[in-house]
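Enquirer: I'd like to ask you about the structure that follows.
The values are calculated or read from the model by the stated rules, or taken from the named source; none is laboratory data. Please read these numbers as outputs of a predicted model, since none were measured by experiment. Here the Cβ is made from the backbone with ideal geometry for all residues, glycine too, and neighbour counts use every protein chain on show. Calculation scope for accessible area: heavy atoms of the full protein, side chains included, ligands and nucleic acids excluded. Shrake-Rupley method; radii C 1.70, N 1.55, O 1.52, S 1.80 Å.
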Amino acid sequence: MLEVKNLNIEFHDHDAPEHIVRNINMTLKYGEILGIVGESGSGKSMTAMAIAGLLRRHDVTTSGEIIFDKKELLSAKRSELRKIQGNDIGVIFQEPMTSLNPTKRIGWQVEESLKIHKPEIGKAERYRLVIESLKNVELDNPELIYKKYPHELSGGMRQRVMIAAAMICAPKLLIADEPTTALDVTIQLQIVKLLQRLNREQKTSILFISHDLSLVKSICGRILVMHDGEKVEEGAADEIFNNPGQEYTRELINAIPKLEKPKL
Amino acid sequence: MQIGKKYSKKKHSANLIIGLVITSTMLFLIILGFFYTPYDPTKMDSSAKLAAPSLSHLMGCDNFGRDIFSRVLKGMGNTFIIAFATVVIGVVSGIIIGAVTGYFGGWLDEVVMRINDVVFAFPSILLALVFISLFGTGKYNVVLALGIAFVPSFARIVRGEFIKYREMDYVKSARLAGVPHMRIIFVHILPNTMTVLLSSIMIGFNNAVLAEAGMSYLGIGVQPPDASLGSMLSEAQGYLFSAPNYAVFTGLMIILLVLGFSLLADGLKN
């Protein structure tokens with residue numbers, strides 16, 4: 001469903017052009033979860049933003065092709081892109097603290113993309129869909145949460161709200177840009193399980209971006225390792241873990257903290 | 001630490017309360033002035049020329065024997081309306097210009113902001129003077145002139161806020177949801193700028209009161225026989241020694257009007 005061919009991203013607002021992403025190729029099939037791992041600054045988020053169509057065109061130059069559902073996104077017109085964004089592609093960000101508008105109620109924010117993409121849906125039906133969507137991300141008391149402001153919710157709850165907002169139009173692709181980095185470990189696990197369930201039940205493909213290899217291993221079928229804007233390695237999760245082909249991947253795997261008896 | 005915190009909290013709420021009391025008193029007097037004044041503010045009484053304050057004339061009388069209190073009430077109303085209209089013009093155009101340039105950035109931002117800088121470089125009074133000399137004196141021209149002079153400062157504040165908010169994740173996710181730009185600007189971002197905007201509106205209002213008083217003082221604002229605090233102050237300076245009450249009460253009203261809003265703005269900010 002998603003095919004990225006020779007993607008290059010370049011900043012051009014400095015004196016010397018700066019390559020952020022070089023020749024990235026990848027494919028994502030229906031219902032698959034693909035993980036992109038790499039350290040900070042490896043270009044993984046930029047790749048995701050390019051797929052989501054979120055790069056400001058006067059800040060960066062992009063070349064290559066991003067084909068989503070037989071449509072080319074990089075050269076697509078804005079109006080064309082807008083139909084796909086939010087409707088077919090949903091995004092969850094890293095910081096649940098800043099990804100919700102502090103001045104708007106939760107319900108309003110969740111139903112926003114419904115209002116844009118499916119204006120034919122009436123108010124009562126929309127309310128029902130929002131409540132259902134909040135229930136679907138395992139939030140208790142969705143009717144109560146509908147009326148709350150973001151600052152009244154915890155980080156984990158906000159991230160669930162974000163997922164609900166991203167999933168409300170039932171997108172074919174969900175881009176999760178480090179969705180669990182800002183959360184503590186127990187909540188991380190819950191969110192990951194939630195994403196897996198959504199993937200299983202609604203057949204949403206997920207592009208899961210993280211620097212946490214162990215997390216990626218537990219959720220993704222396939223992994224793509226990035227370093228300095230380039231693809232280092234790609235393959236099935238188990239394969240990469242058991243038999244890393246590149247030095248960099250090996251180092252990443254070794255960097256996972258292991259449970260050991262504390263040395264006294 | 002704890003004590004310091006408590007102290008500062010108390011101080012701010014005191015500002016708020018004092019500001020609220022002064023402002024509401026002034027607003028009450030202004031509204032009162034629209035419907036009732038003890039004397040006709042333009043009626044002259046030759047027997048009461050420069051009369052000292054007394055029970056019948058609370059603030060005394062001016063050089064034509066007009067009741068100063070009645071004129072202050074009317075004058076405050078005029079000043080208030082002009083300042084209010086000025087701020088409305090400045091804020092509305094400032095929001096539109098600042099929001100669009102700050103949100104979109106790029107060459108549009110560069111061009112508009114350089115024009116903005118040029119307008120900003122002139123003192124607002126000077127700018128208003130030029131405008132008045134081109135289009136003539138009068139209430140409405142003063143409003144327009146001051147309003148235009150006030151646009152750049154608001155535009156700049158709003159622009160700064162929009163630059164800050166346009167990179168926020170919730171704005172990104174709104175863009176991702178396919179929300180049109182104009183809806184993002186006015187529905188998603190604008191409410192977030194309100195805290196900053198509100199206090200600058202208050203400060204802007206104060207500046208507008210002072211600017212109007214200045215314009216009328218120079219004789220290009222409200223025209224006689226209508227009263228405004230500035231024009232009254234200008235008349236009063238001729239009688240500074242024979243009837244100091246004229247200048248003192250008029251000046252006091254300007255001070256109270258500005259002080260009330262300053263304290264209110266300060267209190268609201270916290």
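Enquirer: Being free of Cβ contacts under 8 Å to residues at least 24 places away in the same chain, acidic (Asp, Glu) and more than 9 Å from chain A (Cβ to nearest Cβ): is that true of B:GLU161 here?
Expert: Criteria not met by B:GLU161.
Enquirer: Let me ask another. From the set of residues in the stretch A:170-194 that are within 14 Å of another protein chain (Cβ to nearest Cβ) and in a loop (DSSP other than H, G, I, E, B), which is most open to solvent (accessible area, probe 1.4 Å)?
Expert: Across the stretch A:170-194, the extreme among qualifying residues is A:ALA170.
Enquirer: Do any helices (runs of 4 or more DSSP H) lying entirely in the stretch A:67-169 carry at least 1 residues that are at the interface with another protein chain (Cβ under 9 Å from one of its Cβ atoms), buried (at least 18 other Cβ atoms within 10 Å of the Cβ) and of a type in the set (Asp, Glu), and which ones are they?
Expert: A:106-117
Enquirer: Considering only residues that are within 9 Å of another protein chain (Cβ to nearest Cβ) and touching a helix residue (DSSP H, G or I) at 6+ places or on another chain (Cβ under 6 Å), look in the stretch B:185-195 and name the one that is surrounded by the fewest Cβ atoms within 10 Å (Cβ to Cβ).
Expert: For the stretch B:185-195, the residue satisfying everything is B:ASN192.
Enquirer: Does any residue of the stretch A:51-64 turn out to be of a type outside the set (S, T, N, Q), open to solvent by less than 30 Å² (accessible area, probe 1.4 Å), in contact (Cβ under 8 Å) with a residue 60 or more places away in the chain and facing another protein chain (nearest Cβ under 10 Å)?
Expert: Yes: the stretch A:51-64 contains one or more residues that are of a type outside the set (S, T, N, Q), open to solvent by less than 30 Å² (accessible area, probe 1.4 Å), in contact (Cβ under 8 Å) with a residue 60 or more places away in the chain and facing another protein chain (nearest Cβ under 10 Å).
Enquirer: Right, next: What about B:LEU58, is it assigned to a helix (DSSP H, G or I) and either surrounded by 13 or more Cβ atoms within 10 Å (Cβ to Cβ) or modelled with pLDDT of 75 or more (or both)?
Expert: It is false that B:LEU58 is assigned to a helix (DSSP H, G or I) and either surrounded by 13 or more Cβ atoms within 10 Å (Cβ to Cβ) or modelled with pLDDT of 75 or more (or both).
Enquirer: Does A:THR62 meet the test of being of a type in the set (Ser, Thr, Tyr) and touching a His at 6+ places or on another chain (Cβ under 9 Å)?
Expert: For A:THR62, the condition - of a type in the set (Ser, Thr, Tyr) and touching a His at 6+ places or on another chain (Cβ under 9 Å) - is not met.
Enquirer: Here's another thing I want to ask about it. Go over the candidates B:ASN78, B:ASN116, B:ASN141 one by one and state the one that is in contact with a Pro (Cβ under 6 Å, 6 or more places away or on another chain) and more than 14 Å from chain A (Cβ to nearest Cβ).
Expert: Exactly one residue qualifies, and that residue is B:ASN116.
Enquirer: Quick one: in the stretch B:72-104, of everything that is under 17 Å from B:ILE255 (Cβ atoms) and out of contact with any Leu (no Cβ under 7 Å at 6 or more places or on another chain), which residue is modelled with the lowest pLDDT?
Expert: Among those that are under 17 Å from B:ILE255 (Cβ atoms) and out of contact with any Leu (no Cβ under 7 Å at 6 or more places or on another chain), it is B:VAL72.
Enquirer: Can you confirm whether A:GLU230 is open to solvent by 50 Å² or more (accessible area, probe 1.4 Å), away from every other protein chain (no Cβ under 14 Å) and touching a strand residue (DSSP E or B) at 6+ places or on another chain (Cβ under 6 Å)?
Expert: Yes; evaluated as a whole, the condition is true for this residue.
Enquirer: Still on this structure, I have one more. If we keep just the residues of the stretch B:196-207 that are open to solvent by less than 40 Å² (accessible area, probe 1.4 Å), away from every other protein chain (no Cβ under 13 Å) and modelled with pLDDT of 85 or more, which is farthest from B:SER93 (Cα to Cα)?
Expert: B:ASN206
Enquirer: Would you check if B:ALA51 is open to solvent by less than 60 Å² (accessible area, probe 1.4 Å) and in contact with a strand residue (DSSP E or B) (Cβ under 7 Å, 6 or more places away or on another chain)?
Expert: When the stated conditions are applied, B:ALA51 passes them.
Each row is one residue, and each column tells you yes or no for (1) of a type in the set (A, V, I, L, M); (2) modelled with pLDDT of 85 or more; (3) open to solvent by less than 30 Å² (accessible area, probe 1.4 Å); (4) out of contact with any Lys or Arg (no Cβ under 6 Å at 6 or more places or on another chain).
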{"site": "B:VAL209", "(1), (2), (3), (4)": "yes, yes, yes, yes"}
{"site": "B:SER216", "(1), (2), (3), (4)": "no, no, yes, yes"}
{"site": "B:LEU233", "(1), (2), (3), (4)": "yes, yes, no, yes"}
{"site": "B:PHE249", "(1), (2), (3), (4)": "no, yes, no, yes"}
{"site": "B:MET253", "(1), (2), (3), (4)": "yes, yes, yes, yes"}
{"site": "B:LEU268", "(1), (2), (3), (4)": "yes, no, no, yes"}
